[in-house]
Amino acid sequence: MAVVQPTSPSSTTHAEALRSDPRIAEAKRLIAEAVAEHAKSIDDVRSADDSLVPGYQAMLTRLGTARGGAPIWPYLSSGLGNGPYVQLADGSIKLDFIGGIGVHGCGHSDPRMVDAAIDAALEDTVMQGNLQQHPPSLEMSERLLKLATAGGANFDHCLLSTSGAMANENALKIALHHKAPANRIIAFENAFAGRSIALAALTDRPNYRAGLPLALSVDYLPFRDQADPAGSTKRAVAELKRLLNRHPGRYAAFWAEPIAGEGGYYPGSTEFFEALCVPLREAGIPIIFDEVQSFSRTSKPFAFQHYGLDRFADIVTIGKITQVCATLYGEAFKPTGPILSQTFTGASSSIATGLATLDALEANDCFGENGQNIQRHQYFADALDSLAKKYPGLIAGPYGEGMMIAFTPGDGSFEQAKQLMDIMYDVGLLGFVCGSNPTRIRFLPAPAITTTEHIDAAITLLDKSLALFSKPR
Ligand SMILES: Cc1ncc(COP(=O)(O)O)c(C=O)c1O
């Protein structure tokens, strides 16, 4: 059958014509105007509206039933926010310094996100998939590769996926396939990699794999101790060498978050990682950096770049803030069999808003030795230091790295951290627990929009929370 040629005299598609239709531009302008108008008074924390509370509570109860357990905290968004502020469906306004655990890099109701999501709504399909992709999928893959190779790292390919866990599964598959039949992994104590069966085996939390089969054999190294960098490096290298001697030829990958995330916001360092990566390289073990949480939060887009580890990065994964997740790897790791695929690569809106997020990070000068991420970290850490002096014994560092910030509340027990987190929630500041022994409270402020004024507002709310926390209970 003959293929029908385009009838239009100009070489443009009908979709291109739709996108440049002035009615679309006008509709977008009106939507942006309406969103800004309705969002503008969401600019400070506020308690719930009494008349909305009963309906809100009823929804929470129904949610608990539907999802098989109460949510971690009573958060149901109204659907509108303004930068780091979000209004909940009970009318309360919170200062969101956790962003769905690092997902909302432009905060709430950002006009650029709304605009990109409208573009995505005009695509012919809601989801993109491996069988049928669109030009923005290509643009996202090429942009991530360009960012990841900017310091000389060796990545040729980028596979999009819908969750950090799936990006990590793909990374593991690539490494295991490359090193078959090696089947052991080296990771760090306190590692968190996601919620699949394989990643539950890798994650260093026995209760996260209760009742699950052990899909992988994993050996753990101690992570860097900020209080004893040289000693902890020595101990980690000694343990690595012991493992390499004990299981020669059995390791398929070294798995590392450059900054421990769920494990408690422990920064790595150039020296620490170099000391481990050199012997790993010599042993021919692929090095995987999991940047699902750390991407976009340091002086460089990737934290492995922040620590100058470009030459060691074989496979890297990202997610959360990029809205669509990805696994990047070099030609040498390209699988020889059809082990990588999935129906969805991402929602059209995830890809469009992910691209807009990358633009917004650049527009806000997030990166660089003296970029916004580093400057705001220092500002935040100094303010936390002042609070630590004001409330001795109630709050202590370390304070993480870049726009991953955490402190240890009280005695470091989970109970005290949870108690303070709940007080903060009631006062209007959203932060979330991480780590164990000690349990910390972390913040993931939106890198593309957070200002020092927002940090001041967060510190004022934390101060108020600590005053309540310090009262005898
Ligand atoms: C470092 C790291 N890797 C992987 C994941 C899993 O990502 P997802 O929850 O999107 O599957 C997370 C999520 O918190 C993470 O922090």
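Just the residues that are assigned to a loop (DSSP other than H, G, I, E, B) and within 16 Å of the ligand (Cβ to nearest atom), please, taken from the range 244-257.
Selection gives Glu257 alone.
Let's see how each residue does on (1) within 16 Å of the ligand (Cβ to nearest atom); (2) touching a helix residue (DSSP H, G or I) at 6+ places or on another chain (Cβ under 7 Å):
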residue: Ala238; (1), (2): no, no
residue: Arg242; (1), (2): no, no
residue: Glu262; (1), (2): yes, no
residue: Val278; (1), (2): no, no
residue: Ser294; (1), (2): yes, yes
residue: Ser299; (1), (2): no, yes
residue: Arg311; (1), (2): no, no
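Among what's in the range 99-115 and is under 10 Å from the mean Cα position of the chain (by Cα) and hydrophobic (A, V, I, L, M, F, W, C), pick the residue that is farthest from Thr357 (Cα to Cα). The residue in question is Ile101. Scoring Asp422 on the criteria (1) in a loop (DSSP other than H, G, I, E, B); (2) within 17 Å of Ile395 (Cα to Cα) leaves a single failure, condition (1). Inside the range 264-276, residues that are in contact with a helix residue (DSSP H, G or I) (Cβ under 8 Å, 6 or more places away or on another chain) and of a type in the set (S, T, N, Q) make up a count of 1. Scanning the range 70-110 for residues being crowded, with 18+ Cβ neighbours inside 10 Å and within 16 Å of the ligand (Cβ to nearest atom) gives a total of 5. Taken over the range 296-312, the criterion of being under 15 Å from Cys366 (Cβ atoms) and either in a helix (DSSP H, G or I) or of a type outside the set (S, T, N, Q) (or both) is satisfied by Arg297, Lys300, Pro301, Phe302, Ala303, Gln305, His306.
Note on the range 138-176: among residues that are of a type in the set (Gly, Ala, Ser) and within 16 Å of the ligand (Cβ to nearest atom), the one that is nearest to Gly346 (Cα to Cα) is Ser161.
If you go through the range 344-375 and keep only what is in contact with a strand residue (DSSP E or B) (Cβ under 8 Å, 6 or more places away or on another chain) and farther than 21 Å from Ala303 by Cβ, you end up with Phe344, Thr345, Gly346, Ala347, Ser348, Ile351.
Residue pairs whose Cβ atoms lie under 8 Å apart, separated by 6 or more positions or on different chains, with the first residue in the range 99-117 and outside the structural domain of Ala356 (by TED's automatic domain parsing) and of a type in the set (D, E, K, R) and the second more than 16 Å from the ligand (Cβ to nearest atom) and in a helix (DSSP H, G or I), are Asp110/Ala360; Arg112/Ala356; Arg112/Asp359; Arg112/Ala360; Asp115/Lys28; Asp115/Ala32; Asp115/Ala356.
Can you find even one residue in the range 449-464 that is assigned to a strand (DSSP E or B) and either within 21 Å of Tyr75 (Cα to Cα) or of a type in the set (Gly, Ala, Ser) (or both)? So far as the range 449-464 goes, no, none of its residues is assigned to a strand (DSSP E or B) and either within 21 Å of Tyr75 (Cα to Cα) or of a type in the set (Gly, Ala, Ser) (or both).
Restricting attention to the range 313-339, which residues are more than 12 Å from the ligand (Cβ to nearest atom), assigned to a loop (DSSP other than H, G, I, E, B) and touching a residue at least 12 places away in the same chain (Cβ under 8 Å)? Scanning the range 313-339 gives Ala313, Asp314, Gly330, Lys334, Pro335, Thr336, Gly337, Ile339.
Here Ser349 fulfils each of the conditions (1) farther than 23 Å from Ile101 by Cβ; (2) surrounded by fewer than 24 Cβ atoms within 10 Å (Cβ to Cβ); (3) of a type in the set (Ser, Thr, Tyr) apart from (1).
Regarding Leu214, is this residue free of Cβ contacts under 8 Å to residues at least 60 places away in the same chain, away from the ligand (no atom under 16 Å from the Cβ) and either buried (at least 21 other Cβ atoms within 10 Å of the Cβ) or over 28 Å from Glu271 (Cα atoms) (or both)? Judged against the criteria, Leu214 is a match. Taken over the range 258-293, the criterion of being among the charged types (D, E, K, R) and part of a loop (DSSP other than H, G, I, E, B) is satisfied by Glu262 alone. Consider the range 265-280 and keep the residues that are free of Cβ contacts under 8 Å to residues at least 40 places away in the same chain and not charged (D, E, K, R). The one that is nearest to Lys234 (Cα to Cα) is Phe273.
Checking each residue in the range 177-203 for being within 14 Å of the ligand (Cβ to nearest atom), of a type outside the set (Gly, Ala, Ser) and assigned to a helix (DSSP H, G or I) picks out Ile197, Leu199, Leu202. Considering the range 42-155, the qualifying helices (runs of 4 or more DSSP H), each wholly inside and each with 1 or more residues that are over 30 Å from Ile459 (Cα atoms), run over 53-67, 111-121, 135-149.
Among the residues that make up the range 398-413, is at least one of them assigned to a helix (DSSP H, G or I) and either buried (at least 19 other Cβ atoms within 10 Å of the Cβ) or in contact with a Lys or Arg (Cβ under 7 Å, 6 or more places away or on another chain) (or both)? No, every residue in the range 398-413 fails to be assigned to a helix (DSSP H, G or I) and either buried (at least 19 other Cβ atoms within 10 Å of the Cβ) or in contact with a Lys or Arg (Cβ under 7 Å, 6 or more places away or on another chain) (or both).
The values are calculated or read from the model by the stated rules, or taken from the named source; none is laboratory data. Here the structure is a predicted model, which means the values were calculated and not measured. Ideal geometry is used to build each Cβ from the backbone, glycine not excepted, and the neighbour counts take in all protein chains shown.
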